[in-house]
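This report refers to the structure that appears directly beneath it.
Every number here is computed from the coordinates shown, using simple stated rules; none is lab data. Note that this is a predicted model, so its numbers are computed, not measured. Glycine gets a Cβ as well: all are built from the backbone with ideal geometry, and neighbour counts include every protein chain shown.
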């Protein structure tokens, strides 16, 4: 296999075009000082790092919470007194020195785990990070369309996080009604401890978060649609960009509906309206509410909630597609099919929301349609899986950490996706609803899988972010441990679910039906603890590598074709020192005509031009 | 942007004003005539009124977006990127409204069944008569 | 005439990177590169996508409105509810809201004119038409304030109370004698210092919900003997002298005596919530218009060579507010 010889600097100088960027930004006052460079930065690469590191902090907090409630589930008899310094009054220590977790706080932990992981980690931390990092670099733009709004997007997210974090320290505890915040627990301040100030702060935090998503999303869409470099047609964009574009569109269209629902909830809480509340007794007292419907909230929530699942998984799919292709040294199989399946998934995600509510009292007639639409999602998903596997087939695979995580993503997406077909059937859902089967399904398919996509992205683009590699040995330990550990945690949960073990319960040992699952729960808890510490290993690897990692020697360490690898190793403001590169080919010319890889900036050869003409 | 001259585009605006005003008047007229406020004894069928009013409103929306917001003069891709996503709401409207309708039907059914139980119990069960029911029957 | 707005921002704004100056400097195919595929500046595109997301917020509210309305057996009849007009007029169905709609349409028209004057770089024209737009917006808000005040203080509709509704079945209003004949006791009582007459079933607690009244219209005319059909509107009259709602008695075809009940409270809460949210958009639109008006007057946009694009962007927002009103008008006032 030969190697194409090219010199980016010459190519960009000759083929690219001069936008006079550096004439306007000579000396660049916008990132000269410490504050404008590292804190209120408007550079997309810095904002990406801010999203990533904030997301990692939240991931540690959210995962730490899951360890606490897993301890409760796995070892309900054992003392948690050692957590007293951390949790304070939420641990009661009896005379014998046995500490027990307050049941209300167990619910708060479950709720916060869900909210934090879904919104702060897998939405902001994943698409926030990689959309920011890769969109301008891969479409060939100097920065986002509006760097100012991009900066604000991060700071709205940050503020949302601060509010949520503060709510953890309320004397009544944070919101404890589940991450979906169904009424009446969310709509009546007196419904439970966390429904008062905790819920108010939860709503405030989420509204700010939505502002952040919208500011980011509008920016991403505009940048992709309007700021592509010369020659970067839509059909030459890498699949990452397609995924980020569609993700941003999903967020743009679905988050506003969540805001609608949250505003209506706030009215029910504060002004005594009855949008989501009908006749209800609380503490023996009949309330004035009449005529509303809690199911209406569920409809509005899941109109966001289901696209949200794809907001989480699509970026991971995009990252995986790119990493698989680069490290298999093969063009992605079925590029257009990949794009169309992303579009199909995005479209379908808006018409299937009520499959989360089969057991909430949705009209069974309308459920039929939701079942059919839901099952159709299997088609584009299967197309993607087939294409990933076909990309791997016969590839010259480099088993680096990034690639391992990308392959792991495919594995998890298959295992988690298959159980989705069970749950999408309204009839089977009667048995499965709100059991650990559901927990296992969505954790594998959109929790762990999205994390794997994210890890693949981090290991792959770390050299772009920091000019250094992450430690490969630690990366592989991280992969194998997490891969085996994740299955060890979630595989048994399918059995628990099929036996009818309900989720969100504080303890099971006093139910005769479920008490024999005690050891299985212990096993899951132990696996979860091991996986948690493996993630700490990753975090250590990440931060140590920023300063101590192996330096990147060339601009294009992975031999990739996309534009980000034509920028200087230590990223500069404006991304390219001189001209903006022009693009001549799609992003997946690997192994073409016996050449290992041909970057997008390399002009077509005479032979290629002839072939292109023949096609027309 | 538009290829119209300043004078022409000015005309378009005032034409737009008249169109929107006339449509609004038409809508109100349909609402009032249809319910017999204007001509004694004349009522339009409800479905016809709904079709007319929804149709006119959609036309008004189209007119505002395409003329006043200049969507007509934008690139087709831009127009489609804004208009097509609105199509996602069609199924939402169908599903939400049919859900609302089904809540109504169920509440009515429950109320009916509740009423039936009280009336039927003494008759159906014959011998088993609650003292409370006897009191109510008197 | 320089009508082409595709040439935008050459003068950099503080804190922004500017791509725009290279975007049009290259020739080529429609998307051969170096040109904006959508031939619009990033600011205008962002405004469009923001409006798209805002449309989904409103869609969320309006679809929730539809679902709740479909779930109610009866619903207030709009031309019965919205029939007041300033100057103490009543019985003018939908006239006032038509005026409000005209005000909003007019302010949209003046906004388009402002944008057009911006395209020909006529600063005085922009200022004149924007000023008219601001006045139109303020007038609409004033109308809305009057309407809300009437709804709350005159008609008695609040977020938790709604005296309007429509009948589920047909019936005939009863006279006092007919009610007594059906076994009710007549009670004449001093309430809040005024004498009130109502009817109550013997042995039933004398509280507001259990009282029956003879049907009167707003002006105190007795309406007994009049009959009505399903879907016909009614209003539980609020008696301003007794401070009581007067649920009137009627007889259904099967002979049972029923009373008019309060309408679905969702009507009031949805009305105030959605028109309030729209009004908030109008209000913030007026504020933005004023800020941009000041900037126009200061000559800020005149120095940019983008034909007052900022005016065009706020114009998009302003038309969107009008667009939302089309649907608010449809679902609250017409249907």
Hey, fewest Cβ within 10 Å first, where do B:57, C:269, C:227, A:167 land in order?
C:227, B:57, A:167, C:269
Chain C: angle of helix C:95-119 to the longest principal axis, Cα-based, in degrees nearest 10
0
Gain upon complete extension [residue B:50, residue B:105; 0.36 nm per residue less C-alpha separation]
17.6 nm
For chain A, treating each Cα as an identical point scatterer without solvent, what Debye log10 I(q)/I(0) comes out at q = 0.07, 0.08, 0.10, 0.11 1/Å?
-0.44, -0.58, -0.90, -1.08
For chain C the translational diffusion coefficient, Stokes-Einstein from a Kirkwood Rh over Cα pairs at 20 °C and viscosity 1.002 mPa s, in µm²/s, is roughly 90
Let me test this: with uniform point scatterers at the alpha carbons of the protein assembly as shown, what is the Debye-based log₁₀ I(q)/I(0) at q = 0.05, 0.06, 0.10 1/Å?
-0.38, -0.55, -1.33
Applying the gyration tensor rule to the Cα atoms of the stretch A:209-257 (axes a ≥ b ≥ c; rounded if a/c under 1.5, else prolate if a/b exceeds b/c, else oblate), the class is prolate
Taking 0.36 nm per intervening residue step and subtracting the Cα-Cα distance, what contour gain separates residue A:607 from residue A:13 on full extension?
211.5 nm
Residue mean of other protein chain beta carbons inside 10 Å, A:353-361:
1
On average, how many beta carbons from a partner chain sit within 10 Å of the beta carbon of a residue in A:268-277?
4
In nm, to one decimal, how far is the modelled label at residue A:555 from the one at residue B:40, with both set 7 Å along Cα→Cβ?
8.8
Counting helices only, and only those DSSP H runs with n ≥ 4, report the 222 nm mean residue ellipticity of chain C as the sum of -39,500 (n - 2.57) divided by its residues, in deg cm²/dmol to the nearest 500.
-15000 deg cm²/dmol
Compute the distance in nm between two label points, each set 7 Å from the Cα along the Cα-to-Cβ direction, one at residue B:83 and one at residue A:337.
3.3
Cα long-axis angle, helix A:147-167 against chain A (0 to 90 degrees, to the nearest 10):
20
Modelling each spin label as a point 7 Å along the Cα-to-Cβ direction, I'd like the residue C:182/residue A:104 distance in nm, to one decimal.
5.0
Full extension from residue C:216 to residue C:85: what is 0.36 nm times the residue separation minus their Cα-Cα distance, to one decimal in nm?
45.0 nm
Measure of compaction for the stretch A:277-377 (Cα Rg per 2.2 N^0.38 Å):
1.58
Taking R0 as 22 Å, what FRET efficiency do you get between residue C:152 and residue C:192 from their Cβ-Cβ distance, rounded to the nearest 0.05?
0.65
At a 10 angstrom cut-off on C-beta neighbours, averaged per residue, how do the peptides C:193-205, A:184-196, B:11-23, A:369-381 rank from highest to lowest?
A:184-196, A:369-381, B:11-23, C:193-205
Two-site FRET efficiency, residue A:235 against residue B:19, from Cβ-Cβ distance with R₀ of 51 Å, rounded to 0.05:
0.80
How big is the shadow of the Cα convex hull of the stretch B:6-124, averaged over all directions, in nm²?
12.6
Surface/4 estimate of mean projected area, convex hull on alpha-carbon atoms of the stretch A:55-170, nm²:
8.4
How many angstrom lie between the C-alpha centres of the stretch A:91-155 and the stretch A:346-368?
27
Most exposed to least, judged by fewest other Cβ atoms within 10 Å, A:166, C:143 sort to A:166, C:143
Calculate how steeply helix A:103-115 sits against the longest principal axis of the alpha-carbon atoms of chain A, using the helix alpha-carbon long axis, and give the answer as 0 to 90 degrees to the nearest 10.
20
Cα gyration tensor of the stretch C:164-262, axes a ≥ b ≥ c as square roots of the eigenvalues: rounded (a/c below 1.5), prolate (a/b > b/c) or oblate?
oblate
Fewest-first sequence of A:358, C:102 by Cβ atoms within 10 Å of each Cβ:
C:102, A:358
Can you grab the distance from the C-alpha centre of the stretch C:86-132 to the C-alpha centre of the stretch B:44-72, Å, no decimals?
20
Taking the alpha-carbon centre of each part, the distance from the stretch C:273-290 to the stretch A:159-203 in Å is 29
Against the 2.2 N^0.38 Å scaling, with N counting residues, where does the stretch A:326-409 land? I'd like the Cα-based Rg ratio to two decimal places.
1.45
